[in-house]
Amino acid sequence: MYSKEIIVSNPTGLHARPASSLVSKANSYESDITLQRVGEDDVYTVKSIIMLLALGLGQGEKAILAADGPDEEAAVNELAEFIAGLTE
Amino acid sequence: MILNGKSISRQIAIEEVLVYKTFSYERSIRKYEDEDTAEMQKQYNRTKELALKELNALEARLKQRGSDHADFVQAHREILCDIVMDKEIVKLISEKKLYPDSAITETYDKYIGVFSKNKNKLIQERAADLRDVLTRLLRCWHGVPEKTLSSLERPCIIVAEELLPTDTLSLDEKNIKGIITEKGGLTSHTAIIARSLDIPALLGVADVLEYVNDKERIILDGINGKVIISPTEEEIEEYQKQILKVEKEREITRQYMQKESVTKEGTKIDLRVNIASADIHHKEQIPYIDGVGLFRSEFLYLTQDEMPSEEYQFQAYKTVLQVFDEKPVVLRTLDIGGDKHVEYMKLPTEENPFLGNRGVRLCLANRDLFRSQIRAALRASAYGILEIMFPMVTSVNEFREAKELVMEVGKELDSENIEWDHDVMIGIMIETPAIALIADLIVDEIDFASVGTNDLTQYLCAADRMNADVKAYYQDYHPAIFRCLASLAETFQKAGKCLSICGELAGDPLAIPVLVGIGIRTLSQSLTSIAHSKQIIRNIDMEQAKELAVEVQQMKSDKDVLKCLKIFAENLSD
């Protein structure tokens, strides 16, 4: 298990196009990958658009990005970088 | 077998039938008892695969046509393949013993509920995508093939009860060769669409859906207003010869496009077009038309899932004004209500929508909405010649109120240093008998007016133009219409103001001579009828047209008027 705290900085947050891209990227890793809003108990899989939308992270929100599996480190680092680089 | 209907153009089509019905289902959650769970899972997987195949094919067709609407397909595919929903559906089938369609419905409904309650608007909107995918899955499960008019596999004649504005937002123009509907008349939405596509259409063909089958070849004979179901080989051959003949005649007519629109002795009749957007094939034709007589701005609202922003409208209006450059563009402000619904506005259902809160009434009751449209329009006025026209006016006060709002918005723009045309002309539609009867009292305050003959006819005849049962009472050639138009023409002539006609009557080959005789000098119609109108106008002798106008106003029935107009048309020599 490997994890990192991320902050959503793009205006539309993690829905619409950014969410779609995140889901398809997440699905290219073998590990289970999850997001958890800081201060909340519910954990959502990043490999499902439905879950990501249900989580609905908006601009300025913090969350824990975690992965568990053979490529966990790469998954967390690369996806965190992707989220940080969103501008839309 | 032969069925009859009202034809909108003298064209013929021989094609396969596409029966257009939207899929509907009853929501039910059922458990299975005797069936095997593995078989149920298989059924679910097959349904999913079928839906996926449809989406892939749809995407390929949209991309091939260069459509920019292909993005939603990707979003729908992601939902369809979502691993979490997939797991839940599989679990409901195996553990709760739900039929696949019930398991799908239950799972999708759950997330539709979650999304609809979300505070974020962007997520709320995604519930609509879930609903679309759910309908697709259930339809596939029921084995019902997809029905859409936006991308068809081959040329066809569409047969439907009626086409609504939402069905026709994106049409596969290349493959739709004709339309047949059970309901609707010559002024219905279907008729307007068929005219703009320049294809034959037969309307009000009673029970046609009971007699035709999908994919069978039929003949749509727009010349004689009939549809031939299960035609013989001889009939098909005969009609193929006729198609060639009709094409030749239309070619002759097309040659009139580039000629000037003047009567025999040289009176110029301005011919303008009715549009919903800046269509690409308008561009080459612009030198031969006198501007836009009716820009139906409501299509901007009907094609969106939410209220179009001021900026979005501004860009759309600006594009149209720039395309038409030096020619005037008459923008009709938002005209919804009546037969045009906008779902996201959540307007209450009315008992008599045609007599309800529509047109300028609705705008005056929703000032923010009206204001944003006027702001967009005035900002766009800096880029061409814009004229603003309010629909459904019944009194002088409504016009004053609406105009005052325009002036307020103008001042606002001035204070923000935003450019706009301070000489923008402001006028009204004449569609209600009330304003027609007091035209002399409002003519000095308005810059121009345009008669919407479709609505005016329905209000004068007290016959709902959407109601097939009173079709016989909705009379395009009721003598009252011509009396009303004659009196309006006189009033506007005296005042030296422009009076145009923008209803279907303006492009009706039979009506044009009498309209010219009455004194109308501006006619606005669909682009496809302009060439034919020029052909007619160039053969009109003004003295004869004036006599015709007097004669028609003394006739006692629409049938007499029609007979008289037909005789006149036959005597127009080429």
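Values quoted throughout were computed directly from the atomic coordinates according to the rules given, and no laboratory measurement underlies them. Every value quoted in this text rests on a predicted model; they were computed, and no experiment measured them. Don't worry about glycine lacking a Cβ; one is built from the backbone with ideal geometry, like all the others, and counts go over all protein chains shown.
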Enumerate the helices in chain B for which the Kyte-Doolittle hydropathy averages -0.5 or more and the C-alpha atoms extend at least 15 Å along the helix's axis, using complete DSSP H runs.
-> B:83-94, B:100-116, B:121-141, B:310-324, B:367-380, B:479-495, B:527-537, B:542-553, B:558-571
Share antiparallel - DSSP beta bridges, the range B:266-571, percent rounded to 5 | 5 percent
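If you filter the range B:147-239 for trypsin sites (Lys or Arg not before Pro), then keep DSSP loop positions with at most 15 other Cβ within 10 Å, what is left? Before the final figure, lay out the partial values.
On the way: sites: B:Lys147, B:Lys174, B:Lys177, B:Lys183, B:Arg195, B:Lys215, B:Arg217, B:Lys226; in loops: B:Lys147, B:Lys174, B:Lys183, B:Lys215.
Here the sparse-neighbourhood loop sites are B:Lys174, B:Lys215.
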Using the Cβ atoms and a cut-off under 9 Å, what net charge is assigned to the surroundings of B:Asp455, where Lys and Arg are +1 and Asp and Glu are -1?
-> 0
Do any trypsin sites (Lys or Arg not before Pro) in the range B:519-567 lie in a DSSP loop with no more than 10 other beta carbon atoms within 10 Å, and if so, which?
-> B:Lys556
By count of other Cβ within 10 Å, fewest leading, how are B:Trp420, B:Trp141 ordered?
-> B:Trp420, B:Trp141
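Loop only by DSSP, 15 or fewer other Cβ within 10 Å of the Cβ. Give me the trypsin sites (Lys or Arg not before Pro) in the range B:313-376 that pass, ordered by residue number. Don't skip to the answer; put the middle values down first.
Working: sites: B:Lys318, B:Arg332, B:Lys340, B:Lys346, B:Arg358, B:Arg361, B:Arg367, B:Arg371, B:Arg375; in loops: B:Lys346, B:Arg358.
Of the trypsin sites (Lys or Arg not before Pro), the ones in loops of the range B:313-376 whose Cβ has at most 15 other Cβ atoms within 10 Å are B:Lys346.
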Post the alpha-carbon centroid distance, the range B:23-97 to the range A:24-42, in whole angstrom.
-> 24 Å
Integer Hz, Karplus 6.51/-1.76/1.60 couplings in order for the range A:8-19, x for Gly and Pro | 7, 10, 6, x, 7, x, 8, 9, 6, 4, x, 5
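With both bridge residues required to lie in the protein assembly as shown, what share of the DSSP beta bridges run antiparallel, to the nearest 5%? Show your work: numbers first, answer last.
Details: 31 of 70 bridges.
Just about 45 percent of them are antiparallel.
If we count other beta carbons within 10 Å of each Cβ, what is the order of B:Met257, B:Met1, fewest first?
Working: B:Met257 17, B:Met1 10.
Final ranking by Cβ density, sparse to dense: B:Met1, B:Met257.
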Give me B:Leu405, B:Leu515 ranked fewest to most by other Cβ atoms within 10 Å of their Cβ, as a rough exposure proxy.
-> B:Leu405, B:Leu515
